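**Student:** Sharing a structure with you now.
The values are calculated or read from the model by the stated rules, or taken from the named source; none is laboratory data. Just so we're clear, the structure is a prediction, and the values are computed from it rather than from any experiment. Here the Cβ positions follow ideal geometry from the backbone for every residue, glycine too, while neighbour counts run over all protein chains shown. In case anyone asks, the SASA skips ligands and DNA or RNA and just uses the protein heavy atoms, side chains included. Shrake-Rupley method; radii C 1.70, N 1.55, O 1.52, S 1.80 Å.
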Amino acid sequence: MLLVVGSPHAGIAQNQPTVRRALPVGETPVPRALPVESAAPAASGRPAPPQPNDINNPPGPPGPPPPAETEAADRRQLDYATALYGRKLFDLAVPEFEKYLEDYPDAPGQAQAQFFLGESYRALNRQGQARKSFQAVLDRHGDSEYGGAAAYILAETAFTEKNYAAALPLFHRAATKAKEPAVTLSAHYFEARCLETLDRKDEACGIYLQIAEAKNPNLYREDSRLAAASILLSRGKKADALKQYDALANEAQKAGLKAEAQVRGGLIAVDLTTTEKGKTDKAMLEHATSLLQKARSNPEAGKFRAIAVVALLRLSYQTGQFAQVLADYKKEQQKLPEEARPESMLLAGNSERQLGHTAEADAIYADLIAKYPKREESKDAQYQRLINIYNSDPGRLLAAVDEFLASNPSVERADQAKLLKAEALYQQQKYEEAAPVYADLRASQLSSKLRAEAAYKLGWCYVQLKDLPRTVEAFSYFIQAFPDNSQTPAALAQRALAYQQDKNYDVAIADLNTILGKYPTAREREAALQQKALILGQQGNAKGMSDTFRQLLKEFPKGAAAAQAQYYIGKANLDLKDYKAAIPALNAARQLDKAKYYDAATIRIISAYFALKDRAGLTKELDAFLAAKPDGSVPGEVLETVGLEFYNEKNYPAAEKYLSALVKNSNATTVKPDLWFYLGDAESRLNKFPEAEDAYSHYLQTATDPAGKAKALLSLGATKISAHKPDEAQKIAEEIMTLQPEGRVNAEARLLAGDVQVERGNFDEAGKSFMSVALLYDDPAITPRALQKAASAYQRAGKSDEAGRASQQLHERYPNQAGG
């Protein structure tokens, strides 16, 4: 009986081999100190492709009865050869297939005969002839139903021989020509394997992802997810890789594979917890914790459990949960395999240090160093002990660093230890000793961040040492070497300040303009505007200073420099004689910072009102200032002018207030003599006799004009009388009469002498003295007063006749003044 062989893909579809999970090629290494699985096998170690036809399992049941005698000869020959193949009589089938191919070159069964001839050769282990037959199928009948199967068999052969470049296009052709979904999936999978091995990983990843999403049955899903995740991770696409591990963690049937996916996904999630802005992604943190905790709880996790435990310790440490690290460490330490313990000990020691438990931290570090001297964690522990000492006993640090350096640590750790030493010296304000250490670290093996920190601190050492040239050099190096560092604006500001102190103003302003133009959001912006304004002020550029301070106020209306800005804007306006604009700015300055700007701003406000001749505003400010600051210094010109104005208006209280302030706040020898006289007169009129005496005395000490001195003596004498000091008044009267033997002043002195007698109660003598003046002088400014005083004195002496005669003479001689 003959057998009719069906589709060439039937054997492929029915006999899928078991797929052994292939590890991704180029997988990212597991972090050190964690148990590491053996290296992934080469691509050739993955599952072999399924056979298109298994010779031990005939492809189908017997076919229909033999064909009728009328059937064409070519058909009979093909059926006969195929029947022999179906009975596994391959050595007999071969010549029959060859006869068919030779005798009937144009027959429609050429593709079938060529394909099964190849299968027969393969069954007889005649691989070279089999390969030629399958290649002939591809070359002559590539579009037939046998083309895909032939391509697959040739691809499998090339793959087995590790000729991946040859296998790749064949698997691709098989995938596009195969009719059975299982064969298409298998061909795609091994196509991706070839691409991966040929280092065309991105193309391979795309196919793996398609296979992972293909419908069941799908023997290749798990391996494809693992391979795709590995490639995505190697390309830095951590989020995409995590999606594949998450899917595998949910889909995997084997507990060990599930645990592996959870751990690998958890480690990626840990890396993703920190965003680009340095913040913590809480959702990702929870996801990482969940994955790792599930792996830790999986009883069949094997070596991945230790990885999960240590990863959770690391995650807790990174998120500042130091107490949690210690609690988990104590619970898990004895369960961990030996290779995982060093890192867990290091994390525990660091957690003790972070919690301030310096003794406990030191004990763990010492134990780690003693037990695992060759591990990297041990070397790290030696350095961490230095940090522990730095925090707990800085005095011991310098010796400890020298001891550590003598142990021949790595260059990076040695540099880190030197940085600790420099920091300790800086904290102890030993700037001269810290500076050379920081300088050496500029060319060290430290990370860019730490080198930048060292270079920046070097500049600050020189700032503290007030070494301007080295300050400029240090910050110049920092700015050039680390232009994108967050401290660059601060370095520019410090360099500008050094230039300013060195009176190199233009270069200083250039640095400040760099801050303002290149770093618009820098926290040093306000200070840069402030410093620039002050430098412009030092250069005498009042307008530039004022404009810069206005910009500062616009951007930082409530900033620390607002009061200073208002003050200098007001001052600049005052200098430019824009008095009205000066007043509100100066007022704002003293309101914002009364302690610092009240005096200076108020004096300038007073000057502005004075220049505006606004006496109401001026006196209001003067009164408030003199009340708040009795010893405050007001421009003498202002007090003099205002005092004299009020004196001339006979407003003696106001005149006395401002003239008193003038003489009080000025050097007595610099006060004009006349001002002392006016003050004395005002005080005398206000019955402030001691003060008036003092004012007249100052006048007499400084005046050089004899007439003026005489007038002052007369006023002083009158004040002495008012103060009930007749003896002193008598001496003054005598002094005047000596200075002025005749004339009106002499007459005034005689009147003063009469007043002395009145003060003493000698009214009769007083009357005689007054009458002598009236007899000697005929002066309308003197004589009437003398007669009035004589009449009054005689009346008080009880001599009515003499009083009457004095009054009569007054009426006769000065009738117009008699009533007064």
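**Student:** Pulled fully out, how much extra length does the chain show between K650 and Q808, if you take 0.36 nm times their separation in residues and subtract their Cα-Cα distance?
**Tutor:** Separation in residues times 0.36 nm, less the Cα-Cα distance, equals 53.4 nm.
**Student:** For helix 164-177, what angle does its Cα long axis make with the longest principal axis of the chain, in degrees from 0 to 90 and rounded to 10?
**Tutor:** On a 0 to 90 degree scale, this one is about 80.
**Student:** Could you let me know the centre-to-centre spacing of segment 547-605 and segment 73-152, using Cα atoms, in angstrom?
**Tutor:** 104
**Student:** Another one. Between R200 and D506, how high is the FRET efficiency from 1/(1 + (r/R0)^6) when r is the Cβ-Cβ distance and R₀ = 51 Å? Nearest 0.05.
**Tutor:** So the FRET efficiency works out to roughly 0.30.
**Student:** Let me ask something else about it. Based on the mean of other Cβ atoms within 10 Å per residue, sort peptides 337-348, 727-738 so the most packed one is first.
**Tutor:** Result, highest mean first: 337-348, 727-738.
**Student:** Okay, next question. Counting alpha carbon pairs within less than 8 Å and at least 6 residues apart, what relative contact order, in whole percent, applies to the chain?
**Tutor:** Worked out over the chain, it gives 4 percent.
**Student:** Quick check of the Kirkwood formula: for the chain, what is the inverse mean of 1/r over all pairs of different Cα atoms, in Å?
**Tutor:** Averaging 1/r across every pair of different Cα atoms and inverting gives 39.1 Å.
**Student:** While we're looking at this one, here's another question. Ignoring ligands, DNA and RNA, what percent of the 1.4 Å accessible area of segment 166-289 is carbon and sulfur?
**Tutor:** 51
**Student:** Once Rh is set to the Kirkwood radius over Cα pairs, what Stokes-Einstein translational diffusion coefficient, in µm²/s, holds for segment 126-203 at a temperature of 25 °C and a viscosity of 0.890 mPa s?
**Tutor:** This corresponds to a translational diffusion coefficient of 200 µm²/s.
**Student:** To the nearest Å, what is the center-to-center distance of segment 653-707 and segment 293-341, using C-alpha atoms only?
**Tutor:** 93
**Student:** Which part of segment 720-741 falls in the paramagnetic zone of N687, meaning amide N under 19 Å from the point 7 Å along Cα-to-beta-carbon?
**Tutor:** Residues 720-726 qualify, since their backbone N sits under 19 Å from the label point.
**Student:** Still on this structure, I have one more. If you count only protein heavy atoms and use a 1.4 Å probe, how large is the accessible surface of R131, to the nearest 10 Å²?
**Tutor:** 100
**Student:** How high is the relative contact order of segment 461-606, given as a whole-number percent (alpha carbon pairs under 8 Å, six or more residues apart)?
**Tutor:** 13
**Student:** Starting from the amide H of T274, placed 1.01 Å from N in the peptide plane, find each other amide H under 5 Å away whose residue is 5 or more places distant or on another chain.
**Tutor:** Result for T274 returns D281.
**Student:** OK, next. Give me the distance in nm between label points sitting 7 Å out from Cα along the Cα-to-Cβ direction at E339 and D440, one decimal.
**Tutor:** 3.8
**Student:** Where does helix 579-592 land angle-wise versus the long Cα axis of the chain, in degrees 0 to 90, nearest 10?
**Tutor:** 70
**Student:** Treat each spin label as a single point 7 Å out from the Cα along the C-beta direction, and report the A323 to T670 distance in nm.
**Tutor:** Spacing of the two 7 Å Cα→Cβ label points: 7.0 nm.
**Student:** Shape verdict for segment 612-682, please, from the Cα gyration tensor: rounded (a/c under 1.5), prolate (a/b greater than b/c) or oblate.
**Tutor:** oblate
**Student:** May I pose another question? What's the magnitude of the charge dipole for segment 312-417 around its Cα centre, counting Lys and Arg as +1 and Asp and Glu as -1 at the beta-carbon? Answer in Debye, nearest 20.
**Tutor:** Magnitude of the dipole: close to 220 debye.
**Student:** How big is the Rg/Rh ratio for segment 498-557, C-alpha atoms only, Rh by Kirkwood, two decimals?
**Tutor:** With Rh from the inverse mean 1/r over Cα pairs, Rg/Rh is 0.95.
**Student:** Students often check this: by mean Cβ neighbours within 10 Å, which of 619-626, 419-426, 322-329 ranks highest, and how do the rest follow?
**Tutor:** Put in order of decreasing packing, that is 419-426, 322-329, 619-626.
**Student:** Measuring from centroid to centroid over Cα atoms, what is the spacing of segment 244-284 and segment 454-482 in Å?
**Tutor:** 45
**Student:** Taking the simple approach of a point 7 Å from Cα along Cα-to-Cβ for both R744 and D103, what is their distance in nm?
**Tutor:** 17.1
**Student:** Let me have the 222 nm mean residue ellipticity of the chain computed from DSSP H runs of 4+ only, each contributing -39500 (n - 2.57), with the sum over all residues rounded to the nearest 500.
**Tutor:** For the chain, the value works out to -23000 deg cm²/dmol.
**Student:** A further question follows. On a 0 to 90° scale, report how tilted helix 201-212 is relative to the longest principal axis of the chain, with both axes built from alpha carbons and the result rounded to the nearest 10.
**Tutor:** On a 0 to 90 degree scale, this one is about 70.
**Student:** With respect to the cross-link table entries K664/K720; K518/K558; K650/K709; K571/K664; K215/K303; K466/K518, which display a Cα-Cα separation exceeding 30 Å?
**Tutor:** In this structure, K215/K303 lie more than 30 Å apart at Cα.
**Student:** With Rg and the Kirkwood Rh both taken from Cα atoms, where does Rg over Rh land for segment 446-510?
**Tutor:** Taking Rh as the inverse mean 1/r over Cα pairs, Rg/Rh reads 0.97.
**Student:** What trypsin sites (Lys or Arg not before Pro) does segment 453-490 have in DSSP loop regions with at most 11 other beta carbons within 10 Å?
**Tutor:** K466
**Student:** Moving to a separate point now. Grab the beta carbon distance between S697 and D623, set R0 = 35 Å, and tell me the FRET efficiency rounded to 0.05.
**Tutor:** Given R0 = 35 Å and the Cβ-Cβ separation, E is 0.80.
**Student:** Expressed as cubic angstrom per residue, what is the convex hull volume of the alpha carbon set of segment 536-651?
**Tutor:** Per residue, the Cα convex hull of segment 536-651 comes to 106 Å³.
**Student:** Right, next: Could the peptides 641-653, 523-535 be put in order, highest first, of the mean number of other beta-carbon atoms found within 10 Å of their residues?
**Tutor:** With the highest mean Cβ count within 10 Å placed first, the list reads 523-535, 641-653.
**Student:** In debye, nearest 20: dipole of segment 292-332 around its Cα centre with unit charges on the Cβ of K, R (+) and D, E (-)?
**Tutor:** With Lys and Arg at +1 and Asp and Glu at -1, about 40 debye.
**Student:** Quantify, in whole percent, the carbon and sulfur part of the accessible surface of segment 686-814 (1.4 Å probe; protein heavy atoms only).
**Tutor:** Within segment 686-814, the accessible surface is 48 percent carbon and sulfur.
**Student:** May I ask you to give the solvent-accessible area per residue for segment 155-198, in square angstrom, as obtained with a 1.4 angstrom probe?
**Tutor:** About 38 Å² of surface per residue is accessible.
**Student:** Normalising by the residue count of segment 561-693, find the relative contact order in percent from Cα pairs under 8 Å and 6+ residues apart.
**Tutor:** Reported relative contact order: 14 percent.
**Student:** Next question. Rounded if a/c is under 1.5, else prolate if a/b is larger than b/c, else oblate: which is segment 301-343, with a ≥ b ≥ c the root eigenvalues of its Cα gyration tensor?
**Tutor:** prolate
**Student:** Net charge near H172, counting Lys/Arg +1 and Asp/Glu -1 over other residues with Cβ under 13 Å of its Cβ?
**Tutor:** So the environment of H172 carries a net charge of +2.
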